[in-house]
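Student: Sharing a structure here in structure tokens format.
The values are calculated or read from the model by the stated rules, or taken from the named source; none is laboratory data. On a predicted model such as this, the values are computed, not experimentally measured, just so you know. Positions of Cβ are generated from backbone atoms using ideal geometry, with glycine treated the same way; all protein chains shown enter the neighbour counts. For the accessible areas, the whole protein counts, side chains as well, though only heavy atoms, and no ligand, DNA or RNA atoms are used. Shrake-Rupley method; radii C 1.70, N 1.55, O 1.52, S 1.80 Å.
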Amino acid sequence: MIDYAQARRLMVDCQLRTFDVNDNAVLDAFDSVARERFVPPGREDFAYIDQTLTFALDGGDVRAMPAPMVLARMIQALKIRPGSRALDVATGFGYGAAILRRLGAEVVALESSANLAATARERLGETVEVVQGALTAPAKGAPFDAILVEGRVETRPQALLDQLRDEGRLVCVLGPDRAAKATLFVRAGDAFGSRSLFDTSLPALKAFTTDPGFAF
């Protein structure tokens, strides 16, 4: 039987610390939240591997639980502070939202799947507000200090960027699959600066895919 506490410690020491995750609050959050509680049923033994866990939804959409080191670097870039207002987009079973909450944020977890939203609500309890709705729609509680997108977006996610407050930060995986990068956006008034953080990829979120158009 797996010792999950030991697996969690190894995840922090051997995956996060070696991938430039050096914010002590982020490291402590990942060491404190039981990742195995937020994976698809029956996959608890895979909770701490250094790979993205994916699961399909009805209608062909996919949700991802990013690899721990990827998620940790993304969350570190958000610079969460106690009292920050944060939105977790495509929350899945709620692990990213749980980490944000552990860091002291007031979290809204957004999920388009009614079944997933209900499950996330059960697993997160009353510490996080889970909202079921379209991923591109204005979320309850906007504007936000930080937005985490747990999936790949193929184009600039303007509908989400518009929900940032001034100096707010959004992190997502942006671009076509093989050329995607974890990308940080920072709002300055009506403008948005951006920079690439590192190469990675996640399954695309259907709400943020481009229309391929017609092929001749």
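Student: Quick check: anything in the stretch 6-20 aliphatic (A, V, I, L, M), surrounded by 14 or more Cβ atoms within 10 Å (Cβ to Cβ), closer than 22 Å to Arg102 by Cα and more than 19 Å from the chain's Cα centre (by Cα)?
Tutor: Checking the stretch 6-20: at least one residue is aliphatic (A, V, I, L, M), surrounded by 14 or more Cβ atoms within 10 Å (Cβ to Cβ), closer than 22 Å to Arg102 by Cα and more than 19 Å from the chain's Cα centre (by Cα).
Student: While we're on this one: Does Ala134 satisfy being in contact (Cβ under 8 Å) with a residue 60 or more places away in the chain, small (Gly, Ala, Ser) and within 22 Å of Arg63 (Cα to Cα)?
Tutor: So Ala134 fits the description; yes.
Student: Let me ask another. Determine which member of the set Gly42, Gly60 is closer than 18 Å to Arg123 by Cα and open to solvent by 30 Å² or more (accessible area, probe 1.4 Å).
Tutor: Residue meeting the stated conditions: Gly42.
Student: Considering each residue of the stretch 138-152, count those that are within 17 Å of the chain's Cα centre (by Cα) and either not hydrophobic (A, V, I, L, M, F, W, C) or not in a loop (DSSP other than H, G, I, E, B) (or both), and give that number.
Tutor: Adding up the residues that qualify gives 9.
Student: Considering only strands (runs of 3 or more DSSP E) fully contained in the stretch 9-118, which possess at least 2 residues that are closer than 29 Å to Thr136 by Cβ and of a type in the set (D, E, K, R)?
Tutor: 85-89, 106-111
Student: Next up: Residues to consider are Phe144, Phe198; find the one that is of a type in the set (A, V, I, L, M, F, W, C), in contact (Cβ under 8 Å) with a residue 12 or more places away in the chain and surrounded by fewer than 16 Cβ atoms within 10 Å (Cβ to Cβ).
Tutor: Exactly one residue qualifies, and that residue is Phe198.
Student: So Asp3 ticks every box in (1) among the acidic types (Asp, Glu); (2) open to solvent by 60 Å² or more (accessible area, probe 1.4 Å); (3) under 22 Å from Ile147 (Cα atoms) but one. Which box is left unticked?
Tutor: The one condition Asp3 does not meet is (3).
Student: Then there is this: Could you please let me know if Val130 is on the phi < 0 side of the Ramachandran plot and assigned to a helix (DSSP H, G or I)?
Tutor: no
Student: Filter the stretch 153-181 for residues that are closer than 16 Å to Ala90 by Cβ, among the small types (Gly, Ala, Ser) and in a loop (DSSP other than H, G, I, E, B) and give the result.
Tutor: Ala180
Student: For the stretch 187-211: of the residues being in contact with a helix residue (DSSP H, G or I) (Cβ under 8 Å, 6 or more places away or on another chain) and part of a strand (DSSP E or B), which is farthest from Leu161 (Cα to Cα)?
Tutor: Ranking the qualifying residues of the stretch 187-211, first place goes to Phe198.
Student: Something else now. Of all residues being among the charged types (D, E, K, R) and under 14 Å from Leu71 (Cα atoms) in the stretch 151-195, which is least open to solvent (accessible area, probe 1.4 Å)? Just the residue, please.
Tutor: Arg152
Student: A follow-up question, please. Report every pair of residues separated by at least 6 positions or lying on different chains whose Cβ atoms are under 8 Å apart, first residue within the stretch 110-131 and within 17 Å of Arg85 (Cβ to Cβ), second open to solvent by 40 Å² or more (accessible area, probe 1.4 Å) and assigned to a helix (DSSP H, G or I).
Tutor: Sorted first by the residue in the stretch 110-131, then by its partner, the pairs are Leu124/Arg101; Thr127/Arg101; Val128/Arg101; Val130/Arg121.
Student: Could you grab me the full set of residues in the stretch 83-104 that are of a type in the set (A, V, I, L, M, F, W, C) and either farther than 15 Å from Ala72 by Cα or touching a His at 6+ places or on another chain (Cβ under 7 Å) (or both)?
Tutor: Matches in the stretch 83-104: Ala86, Leu87, Val89, Ala90, Phe93.
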